[in-house]
Amino acid sequence: MGKNLHFLPECHSTNLVAFELSRGGAIPEGTLVITENQTAGRGQRGNIWTVEKGMNLTFSLVVYPKFIPPKDQFLLSQAVSLGIYDFIRTLKIGEVKVKWPNDIMVNGRKVCGILIENQLVGGTIELSVIGIGLNVNQTALPVPTASSLKNFRGFDFDLEEVLEDVCHCVEVRYLQLRNNQWSELREDYRQALYWRDESRTFFSKGQNFSGMIRGTDEQGRLQLEVKNELRSFDVKEILYLQ
Ligand code: BTN
């Protein structure tokens, strides 16, 4: 990951640039598109991703995961989340967790968002663009629920070093996925889940309720134990409250 690198001083969205590049012909697997100033960053659920210029990492990786049946595509999200989780754990700056589906949290604050966009052709995932927004050196974040690596360490990180290490960790997990070590990935992801096995409050279908996160199913739905019953939720169906 990251050996073939496209650096852009400024762009709208590295995910969109990665798609444009791949349309121009095959680009090597692991191609990295990175910018210093992303002006229209795309986030999950149609949100925008805004960060200060030059302070963070905003990049996309191109992969060809044709070996994953579309029904199992959540595995890619699990592998990428774990790669970033592994990297941040090496820094020893706090407690690292993965908030389902793929927000990376340090001490309960989001430090990294992931947006994976797939291109399916005839029942095959032909191409995936893995977009990663990692808050590194920005200390003032637009929302109190977000933070950055620097906020937990107190001094700046070298962005190039962080990029190299993150790419390595994501590659290790991607290879684990390619080598069919799916049950290990699923179990590591379950272990890393934020709020797992804790009694918490959620909101779904107009109601607050308490439940305990137990894991995710193979379609990537969140599994909650609610009143001794296991229930599954899609991303659009549930909110975390407290
Ligand atoms: C989220 O909403 O949590 C996901 C945010 C993903 C942001 C990254 S930044 C690099 C890449 N390019 C984009 O336009 N979005 C992703």
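No lab work stands behind these numbers, since they all come straight from the coordinates. Worth saying up front: this structure is predicted, and the values here are computed from it rather than measured. Note that we place each Cβ from the backbone using ideal geometry, even for glycine, and neighbour counts take in every protein chain shown.
The Cα atoms of region 12-91 cover 37, 37, 25 Å along the three principal axes, with the biggest extent listed first.
Across region 143-157, computed HN-Hα scalar couplings (Karplus, 6.51 cos²θ - 1.76 cosθ + 1.60, θ = phi - 60°) run 10, x, 7, 9, 8, 9, 4, 4, 4, 9, 10, x, 9, 4, 9 Hz from first to last residue, x flagging Gly and Pro. The amide H of G43, built 1.01 Å from its N in the peptide plane, has I48, W49 as neighbours under 5 Å, considering only residues 5 or more places off or on other chains. Listing T31, T145 from fewest to most neighbouring C-beta atoms within 10 Å gives T145, T31. The equivalent ellipsoid of region 106-226 has semi-axes of 26, 25, 15 Å, largest first, where each one is the square root of 5 times an eigenvalue of the Cα gyration tensor. Could you tell me the center-to-center distance, by alpha carbons, between region 44-106 and region 206-242 in angstrom? Computed from Cα coordinates, the inter-centre distance equals 21 Å.
Relative protection proxy for 109-122, 13-26, 77-90, from highest mean packing down: 77-90, 109-122, 13-26 (other beta-carbon atoms within 10 angstrom). Across the chain, counting alpha-carbon atoms alone, Rg and Dmax equal 17.5, 53 Å. Pairs of Lys residues in the chain, spaced 8 or more positions apart or belonging to different chains, with C-alpha separations under 24 angstrom: 21 in total.
The equivalent ellipsoid that matches the C-alpha gyration tensor of region 127-166 spans semi-axes of 21, 16, 6 angstrom, in descending order. Cβ crowding within 10 Å, taken as a proxy for footprinting-reagent exposure, orders V143, V129 from fewest neighbours to most as V143, V129. Counting only Cβ charges, +1 for Lys and Arg and -1 for Asp and Glu, the dipole size of the chain around its Cα centre is about 700 debye. Relative contact order of region 28-68: 52 percent, from C-alpha pairs under 8 Å at least 6 residues apart in sequence. Of the GluC sites (Glu not before Pro) found in region 168-235, those that fall in a DSSP loop while having at most 16 other beta-carbon atoms within 10 Å are E198, E218.
Over all other residues within a Cβ to Cβ distance under 12 Å of G83, the charged ones net out to -2, with Lys and Arg as +1 and Asp and Glu as -1.
Per-residue ellipticity at 222 nm computed for the chain from its helices equals -8500 deg cm²/dmol, with DSSP H segments shorter than 4 residues left out and the rest contributing -39,500 (n - 2.57).
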